Amino acid sequence: MTKRVFVRRRLAALLALVLVLAVGSGVAYVNRGVIRAGLDQLLGNDYSGPGVEEVKFTVNSGDTGEVIAQHLVDAGITKNFRVTYQLILDLNPTFYPGTFAMKTHMTSAAAIAVLSDRNSASLERAVIKEGLRASNVFAVLSEKTGMPVSDFQQYFKQPTAFGLSANLPSIEGYLFPATYTFVPGSSAKEILQVMVDRMQQELDKFGIAAKDANRVLTLASVVQKEARIESDFFKVSATFLNRIKAGMRLQSDATVSYGVNGSTVSTSAADRANDNPWNTYLQDGLPVAPISAPGALAIDAALHPANGKWLYFCTINLETGETVFSNTYAEHEKAVALWRAWMKENPGYE
(Lines give C-alpha, C1' and ligand atoms only; values in the text may rest on other atoms or scores of the structure.)
Protein backbone atom coordinates (compact mmCIF):
# COMPACT_ATOMS: atom_id res chain seq x y z
CA MET A 1 0.00 0.00 0.00
CA THR A 2 1.45 3.39 -0.98
CA LYS A 3 1.77 6.21 1.51
CA ARG A 4 -0.72 8.31 -0.46
CA VAL A 5 -3.36 5.59 -0.32
CA PHE A 6 -2.76 5.15 3.43
CA VAL A 7 -3.24 8.88 4.09
CA ARG A 8 -6.41 8.91 2.00
CA ARG A 9 -7.83 6.04 4.01
CA ARG A 10 -7.02 7.78 7.29
CA LEU A 11 -8.71 10.96 6.06
CA ALA A 12 -11.72 9.02 4.89
CA ALA A 13 -11.97 7.31 8.25
CA LEU A 14 -11.82 10.64 10.05
CA LEU A 15 -14.51 12.19 7.83
CA ALA A 16 -16.72 9.19 8.41
CA LEU A 17 -16.27 9.56 12.15
CA VAL A 18 -17.15 13.27 11.98
CA LEU A 19 -20.36 12.47 10.06
CA VAL A 20 -21.33 9.85 12.60
CA LEU A 21 -20.83 12.29 15.46
CA ALA A 22 -22.77 15.00 13.69
CA VAL A 23 -25.73 12.76 12.89
CA GLY A 24 -25.71 11.08 16.30
CA SER A 25 -25.95 14.42 18.10
CA GLY A 26 -28.43 15.93 15.70
CA VAL A 27 -25.94 18.59 14.63
CA ALA A 28 -26.15 19.59 10.99
CA TYR A 29 -23.02 21.69 11.02
CA VAL A 30 -19.64 20.64 12.34
CA ASN A 31 -17.22 23.36 13.38
CA ARG A 32 -14.56 23.50 10.73
CA GLY A 33 -11.96 24.13 13.41
CA VAL A 34 -12.73 20.79 15.05
CA ILE A 35 -12.39 18.99 11.69
CA ARG A 36 -9.16 20.78 10.89
CA ALA A 37 -7.75 19.94 14.32
CA GLY A 38 -8.47 16.26 13.78
CA LEU A 39 -6.88 16.32 10.35
CA ASP A 40 -3.77 18.04 11.66
CA GLN A 41 -3.36 15.33 14.27
CA LEU A 42 -3.65 12.62 11.63
CA LEU A 43 -1.14 14.38 9.41
CA GLY A 44 1.31 14.83 12.30
CA ASN A 45 1.05 18.62 12.41
CA ASP A 46 -0.28 18.58 15.97
CA TYR A 47 0.39 16.50 19.05
CA SER A 48 -2.18 13.79 19.63
CA GLY A 49 -1.58 12.61 23.19
CA PRO A 50 -2.74 13.95 26.58
CA GLY A 51 0.61 15.59 27.25
CA VAL A 52 3.88 14.60 28.91
CA GLU A 53 5.58 16.84 31.49
CA GLU A 54 3.79 19.37 33.68
CA VAL A 55 4.62 23.02 33.01
CA LYS A 56 3.33 26.40 34.13
CA PHE A 57 2.06 28.73 31.43
CA THR A 58 1.23 32.39 31.99
CA VAL A 59 -1.26 34.47 30.04
CA ASN A 60 -0.78 38.18 30.63
CA SER A 61 -3.53 40.75 30.33
CA GLY A 62 -3.68 41.97 26.74
CA ASP A 63 -2.02 38.92 25.17
CA THR A 64 -3.47 38.32 21.70
CA GLY A 65 -4.28 34.93 20.23
CA GLU A 66 -1.21 35.19 18.03
CA VAL A 67 1.05 35.89 21.00
CA ILE A 68 -0.47 33.04 23.01
CA ALA A 69 -0.08 30.62 20.10
CA GLN A 70 3.60 31.50 19.74
CA HIS A 71 4.22 31.20 23.47
CA LEU A 72 2.54 27.78 23.54
CA VAL A 73 4.86 26.53 20.83
CA ASP A 74 7.91 28.14 22.47
CA ALA A 75 7.02 26.38 25.73
CA GLY A 76 6.77 23.01 23.99
CA ILE A 77 3.09 22.73 24.85
CA THR A 78 1.77 22.71 21.29
CA LYS A 79 3.63 21.59 18.20
CA ASN A 80 2.93 24.00 15.38
CA PHE A 81 2.24 27.74 15.47
CA ARG A 82 0.11 27.74 12.31
CA VAL A 83 -2.06 24.91 13.58
CA THR A 84 -2.52 26.43 17.04
CA TYR A 85 -3.19 29.95 15.79
CA GLN A 86 -5.62 28.80 13.10
CA LEU A 87 -7.61 26.87 15.69
CA ILE A 88 -7.71 29.96 17.88
CA LEU A 89 -9.11 31.92 14.94
CA ASP A 90 -11.68 29.20 14.24
CA LEU A 91 -12.84 28.81 17.84
CA ASN A 92 -12.52 32.50 18.83
CA PRO A 93 -12.10 31.65 22.56
CA THR A 94 -11.91 34.09 25.47
CA PHE A 95 -8.54 33.82 27.17
CA TYR A 96 -8.20 34.58 30.89
CA PRO A 97 -5.05 36.11 32.39
CA GLY A 98 -3.32 33.97 34.95
CA THR A 99 -0.92 31.09 35.42
CA PHE A 100 -2.15 27.70 34.20
CA ALA A 101 -1.01 24.15 34.97
CA MET A 102 -0.43 22.51 31.59
CA LYS A 103 1.67 19.79 29.97
CA THR A 104 4.13 19.60 27.13
CA HIS A 105 2.96 17.92 23.92
CA MET A 106 -0.74 18.76 24.30
CA THR A 107 -3.13 18.98 21.38
CA SER A 108 -3.85 22.54 20.35
CA ALA A 109 -7.53 21.99 21.16
CA ALA A 110 -6.74 20.77 24.68
CA ALA A 111 -4.34 23.66 25.34
CA ILE A 112 -6.88 26.23 24.16
CA ALA A 113 -9.58 24.62 26.31
CA VAL A 114 -7.44 25.04 29.43
CA LEU A 115 -6.57 28.67 28.71
CA SER A 116 -10.20 29.58 28.04
CA ASP A 117 -11.39 28.15 31.38
CA ARG A 118 -11.37 30.93 33.98
CA ASN A 119 -11.43 28.34 36.79
CA SER A 120 -8.14 26.87 35.62
CA ALA A 121 -6.19 30.06 36.17
CA SER A 122 -4.01 30.38 39.23
CA LEU A 123 -3.83 34.09 39.98
CA GLU A 124 -1.84 36.02 42.54
CA ARG A 125 -4.13 36.65 45.53
CA ALA A 126 -3.44 39.02 48.38
CA VAL A 127 -5.59 39.48 51.48
CA ILE A 128 -5.29 43.02 52.81
CA LYS A 129 -6.76 43.27 56.30
CA GLU A 130 -8.52 46.30 57.74
CA GLY A 131 -6.33 48.61 59.80
CA LEU A 132 -3.03 47.84 58.09
CA ARG A 133 -0.63 50.68 57.47
CA ALA A 134 0.60 51.16 53.93
CA SER A 135 4.01 49.78 54.95
CA ASN A 136 2.34 46.54 56.06
CA VAL A 137 0.24 46.45 52.90
CA PHE A 138 3.41 46.74 50.83
CA ALA A 139 4.94 43.83 52.73
CA VAL A 140 1.92 41.62 51.99
CA LEU A 141 1.91 42.58 48.32
CA SER A 142 5.63 41.89 48.08
CA GLU A 143 5.21 38.44 49.60
CA LYS A 144 2.35 37.52 47.27
CA THR A 145 3.80 38.91 44.04
CA GLY A 146 7.50 38.34 44.59
CA MET A 147 8.26 42.00 43.84
CA PRO A 148 10.56 43.94 46.19
CA VAL A 149 8.85 46.06 48.84
CA SER A 150 10.72 49.04 47.39
CA ASP A 151 8.70 48.70 44.16
CA PHE A 152 5.59 49.62 46.15
CA GLN A 153 7.25 51.91 48.69
CA GLN A 154 8.44 54.28 45.97
CA TYR A 155 4.83 55.34 45.36
CA PHE A 156 3.95 55.96 49.02
CA LYS A 157 4.40 59.73 48.81
CA GLN A 158 3.08 60.06 45.26
CA PRO A 159 -0.71 60.44 45.66
CA THR A 160 -1.04 62.29 42.36
CA ALA A 161 0.28 59.22 40.53
CA PHE A 162 -3.05 57.59 41.38
CA GLY A 163 -5.31 60.53 40.73
CA LEU A 164 -5.40 61.64 44.38
CA SER A 165 -5.03 65.18 45.69
CA ALA A 166 -1.59 66.75 45.69
CA ASN A 167 -2.39 68.04 49.19
CA LEU A 168 -2.21 64.54 50.65
CA PRO A 169 1.10 63.60 52.30
CA SER A 170 0.85 60.01 51.01
CA ILE A 171 -1.51 57.28 49.83
CA GLU A 172 -1.96 56.08 53.42
CA GLY A 173 -5.61 55.20 54.02
CA TYR A 174 -6.49 55.12 50.33
CA LEU A 175 -5.66 51.43 49.76
CA PHE A 176 -8.95 49.66 50.40
CA PRO A 177 -8.61 46.48 52.50
CA ALA A 178 -9.99 43.48 50.62
CA THR A 179 -8.97 40.24 48.93
CA TYR A 180 -7.40 41.03 45.58
CA THR A 181 -6.58 38.88 42.59
CA PHE A 182 -3.81 40.27 40.44
CA VAL A 183 -2.80 39.25 36.95
CA PRO A 184 0.75 37.86 36.89
CA GLY A 185 3.10 40.46 35.53
CA SER A 186 1.16 43.41 36.93
CA SER A 187 3.39 46.30 37.96
CA ALA A 188 3.46 47.71 41.48
CA LYS A 189 1.76 50.88 40.25
CA GLU A 190 -1.00 48.91 38.52
CA ILE A 191 -1.65 46.91 41.69
CA LEU A 192 -1.79 50.00 43.89
CA GLN A 193 -4.06 51.74 41.37
CA VAL A 194 -6.52 48.86 41.63
CA MET A 195 -6.62 49.32 45.40
CA VAL A 196 -7.00 53.10 45.19
CA ASP A 197 -9.79 52.68 42.64
CA ARG A 198 -11.50 50.19 44.95
CA MET A 199 -11.42 52.75 47.76
CA GLN A 200 -12.95 55.30 45.41
CA GLN A 201 -15.76 52.85 44.70
CA GLU A 202 -16.40 52.64 48.44
CA LEU A 203 -16.42 56.43 48.76
CA ASP A 204 -18.88 56.64 45.87
CA LYS A 205 -21.08 53.98 47.46
CA PHE A 206 -21.37 56.08 50.61
CA GLY A 207 -21.88 59.26 48.58
CA ILE A 208 -18.76 60.94 49.97
CA ALA A 209 -17.77 64.03 47.99
CA ALA A 210 -14.14 64.47 46.95
CA LYS A 211 -13.75 67.48 49.27
CA ASP A 212 -14.81 65.37 52.25
CA ALA A 213 -12.90 62.18 51.42
CA ASN A 214 -9.75 62.88 53.45
CA ARG A 215 -11.70 63.97 56.54
CA VAL A 216 -13.94 60.91 56.46
CA LEU A 217 -11.12 58.47 55.77
CA THR A 218 -8.95 60.04 58.47
CA LEU A 219 -11.65 59.64 61.12
CA ALA A 220 -12.46 56.16 59.80
CA SER A 221 -8.80 55.14 59.98
CA VAL A 222 -8.54 56.19 63.62
CA VAL A 223 -11.81 54.42 64.45
CA GLN A 224 -10.48 51.34 62.65
CA LYS A 225 -7.39 51.27 64.87
CA GLU A 226 -9.14 52.08 68.15
CA ALA A 227 -12.38 50.06 67.97
CA ARG A 228 -12.29 46.32 68.55
CA ILE A 229 -15.90 45.13 68.55
CA GLU A 230 -18.22 45.86 65.63
CA SER A 231 -20.85 47.71 67.66
CA ASP A 232 -18.13 49.83 69.28
CA PHE A 233 -17.04 51.32 65.96
CA PHE A 234 -20.02 53.66 65.99
CA LYS A 235 -19.50 54.56 69.66
CA VAL A 236 -15.80 55.29 69.14
CA SER A 237 -16.70 57.52 66.20
CA ALA A 238 -19.24 59.37 68.36
CA THR A 239 -16.71 59.81 71.16
CA PHE A 240 -14.13 61.41 68.88
CA LEU A 241 -16.69 63.70 67.29
CA ASN A 242 -18.02 64.67 70.74
CA ARG A 243 -14.51 65.62 71.82
CA ILE A 244 -13.96 67.74 68.72
CA LYS A 245 -17.30 69.47 69.26
CA ALA A 246 -16.39 70.15 72.91
CA GLY A 247 -13.02 71.64 71.91
CA MET A 248 -11.10 68.69 73.36
CA ARG A 249 -8.16 66.98 71.67
CA LEU A 250 -8.68 63.40 70.54
CA GLN A 251 -5.68 62.10 72.48
CA SER A 252 -5.65 58.89 70.48
CA ASP A 253 -2.67 56.64 71.18
CA ALA A 254 -3.15 55.12 67.73
CA THR A 255 -2.38 58.46 66.08
CA VAL A 256 0.58 59.03 68.39
CA SER A 257 1.99 55.61 67.54
CA TYR A 258 1.61 56.30 63.84
CA GLY A 259 3.35 59.67 64.14
CA VAL A 260 6.44 58.10 65.72
CA ASN A 261 6.27 54.95 63.56
CA GLY A 262 5.55 52.85 66.62
CA SER A 263 3.84 49.49 66.72
CA THR A 264 2.58 49.11 70.30
CA VAL A 265 -0.87 49.61 71.81
CA SER A 266 0.37 51.96 74.51
CA THR A 267 2.60 54.99 74.02
CA SER A 268 5.29 56.64 76.13
CA ALA A 269 5.48 60.18 77.43
CA ALA A 270 8.20 60.85 74.86
CA ASP A 271 5.92 59.58 72.09
CA ARG A 272 3.10 61.83 73.23
CA ALA A 273 5.49 64.80 73.36
CA ASN A 274 6.68 64.26 69.79
CA ASP A 275 5.41 67.18 67.69
CA ASN A 276 4.09 65.79 64.41
CA PRO A 277 0.88 66.26 62.39
CA TRP A 278 -0.54 62.96 63.67
CA ASN A 279 -0.05 63.59 67.40
CA THR A 280 -3.59 64.27 68.61
CA TYR A 281 -2.29 64.94 72.11
CA LEU A 282 -0.70 68.10 70.71
CA GLN A 283 -2.79 68.84 67.60
CA ASP A 284 -6.41 69.96 67.61
CA GLY A 285 -9.04 67.99 65.73
CA LEU A 286 -8.29 65.11 63.40
CA PRO A 287 -4.75 64.28 62.30
CA VAL A 288 -3.61 65.59 58.95
CA ALA A 289 -4.37 62.35 57.08
CA PRO A 290 -5.32 58.68 57.64
CA ILE A 291 -3.21 56.37 59.79
CA SER A 292 -4.39 53.03 58.38
CA ALA A 293 -6.56 51.36 55.77
CA PRO A 294 -10.17 51.69 56.98
CA GLY A 295 -12.75 49.14 55.91
CA ALA A 296 -16.40 49.65 55.04
CA LEU A 297 -17.51 49.32 58.68
CA ALA A 298 -15.15 52.05 59.87
CA ILE A 299 -16.19 54.36 57.03
CA ASP A 300 -19.83 53.73 57.88
CA ALA A 301 -19.11 54.52 61.54
CA ALA A 302 -17.35 57.76 60.62
CA LEU A 303 -20.45 58.83 58.70
CA HIS A 304 -23.04 57.49 61.14
CA PRO A 305 -21.77 57.77 64.74
CA ALA A 306 -23.83 56.31 67.57
CA ASN A 307 -26.08 58.55 69.64
CA GLY A 308 -24.29 59.15 72.93
CA LYS A 309 -22.50 61.78 75.00
CA TRP A 310 -19.31 59.84 75.65
CA LEU A 311 -16.07 61.78 75.85
CA TYR A 312 -13.78 58.90 76.83
CA PHE A 313 -13.31 55.22 76.14
CA CYS A 314 -10.82 52.63 77.29
CA THR A 315 -10.41 49.02 76.22
CA ILE A 316 -10.07 47.14 79.48
CA ASN A 317 -9.45 43.70 77.95
CA LEU A 318 -7.32 43.66 74.82
CA GLU A 319 -8.02 39.99 74.24
CA THR A 320 -11.82 40.21 74.15
CA GLY A 321 -12.00 43.84 73.06
CA GLU A 322 -14.23 44.82 75.96
CA THR A 323 -14.33 48.61 76.06
CA VAL A 324 -15.78 51.03 78.60
CA PHE A 325 -17.25 54.33 77.35
CA SER A 326 -17.49 57.19 79.84
CA ASN A 327 -19.12 60.61 79.99
CA THR A 328 -16.83 62.00 82.71
CA TYR A 329 -13.13 61.88 83.43
CA ALA A 330 -13.77 60.32 86.86
CA GLU A 331 -15.55 57.40 85.18
CA HIS A 332 -12.73 57.16 82.67
CA GLU A 333 -10.10 56.93 85.40
CA LYS A 334 -11.84 53.87 86.82
CA ALA A 335 -11.77 52.24 83.36
CA VAL A 336 -8.07 53.06 82.97
CA ALA A 337 -7.38 51.39 86.31
CA LEU A 338 -9.07 48.24 85.02
CA TRP A 339 -6.97 48.38 81.84
CA ARG A 340 -3.74 48.76 83.80
CA ALA A 341 -4.64 45.83 86.01
CA TRP A 342 -5.33 43.71 82.93
CA MET A 343 -2.06 44.76 81.33
CA LYS A 344 -0.18 43.81 84.49
CA GLU A 345 -1.68 40.35 84.31
CA ASN A 346 -1.04 40.09 80.55
CA PRO A 347 2.38 41.65 79.90
CA GLY A 348 2.52 40.24 76.36
CA TYR A 349 0.07 42.87 75.11
CA GLU A 350 2.27 45.87 74.52
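The values are calculated or read from the model by the stated rules, or taken from the named source; none is laboratory data. From a predicted model like this one, the values you see are computed outputs, not experimental measurements. Every residue, glycine as well, gets a Cβ built from its backbone with ideal geometry; the counts of neighbours run over all protein chains shown.
The table for this structure:
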quantity: Test: residue in the range 151-160 that is in contact (Cβ under 8 Å) with a residue 40 or more places away in the chain, within 25 Å of residue 219 (Cβ to Cβ), of a type in the set (Phe, Trp, Tyr) and surrounded by 18 or more Cβ atoms within 10 Å (Cβ to Cβ); calculated: no
quantity: Residue match in the range 170-187 (condition: modelled with pLDDT of 95 or more and part of a helix (DSSP H, G or I)); calculated: no
quantity: Residues of the range 219-236 satisfying the condition of being buried (at least 17 other Cβ atoms within 10 Å of the Cβ), farther than 14 Å from residue 285 by Cβ and hydrophobic (A, V, I, L, M, F, W, C); calculated: 220, 223, 227, 233, 234, 236
quantity: Matching residues in the range 101-114 - criterion: being among the aliphatic types (A, V, I, L, M) and either buried (at least 21 other Cβ atoms within 10 Å of the Cβ) or touching a residue at least 60 places away in the same chain (Cβ under 8 Å) (or both); calculated: 102, 106, 109, 110, 111, 112
quantity: Yes/no for residue 151 being within 27 Å of residue 63 (Cβ to Cβ) and either under 13 Å from the mean Cα position of the chain (by Cα) or of a type in the set (Val, Ile, Thr) (or both); calculated: no
quantity: Helices (runs of 4 or more DSSP H) enclosed by the range 246-312 - at least 2 residues per element that are more than 17 Å from residue 133 (Cα to Cα) and touching a residue at least 12 places away in the same chain (Cβ under 8 Å); calculated: 269-273, 296-303
quantity: Unique match (being over 12 Å from residue 295 (Cα atoms) and touching a strand residue (DSSP E or B) at 6+ places or on another chain (Cβ under 7 Å)) among 208, 191; calculated: 191
quantity: Residue within the range 237-245 that is out of contact with any Leu (no Cβ under 7 Å at 6 or more places or on another chain), of a type outside the set (S, T, N, Q) and surrounded by 24 or more Cβ atoms within 10 Å (Cβ to Cβ) present; calculated: no
quantity: Pick from the range 115-126, criterion within 13 Å of the chain's Cα centre (by Cα) and closer than 30 Å to residue 88 by Cβ, ranking: surrounded by the fewest Cβ atoms within 10 Å (Cβ to Cβ); calculated: 125
quantity: Residue within the range 127-145 that is closer than 30 Å to residue 53 by Cβ, buried (at least 16 other Cβ atoms within 10 Å of the Cβ) and of a type in the set (A, V, I, L, M) present; calculated: no
quantity: Residue that is surrounded by 18 or more Cβ atoms within 10 Å (Cβ to Cβ) and on the phi > 0 side of the Ramachandran plot, where the choices are 62, 76, 51, 98; calculated: 98
quantity: Selection within the range 60-87 - more than 16 Å from residue 104 (Cα to Cα) and either outside the structural domain of residue 106 (by TED's automatic domain parsing) or of a type outside the set (Val, Ile, Thr) (or both); calculated: 60, 61, 62, 63, 65, 66, 82, 85, 86, 87
quantity: The listed residue being in a helix (DSSP H, G or I), assigned by TED's automatic domain parsing to the domain that holds residue 322 and touching a helix residue (DSSP H, G or I) at 6+ places or on another chain (Cβ under 6 Å), out of 221, 237; calculated: 237
quantity: Test: residue 347 is out of contact with any Cys (no Cβ under 8 Å at 6 or more places or on another chain) and within 30 Å of residue 195 (Cα to Cα); calculated: no
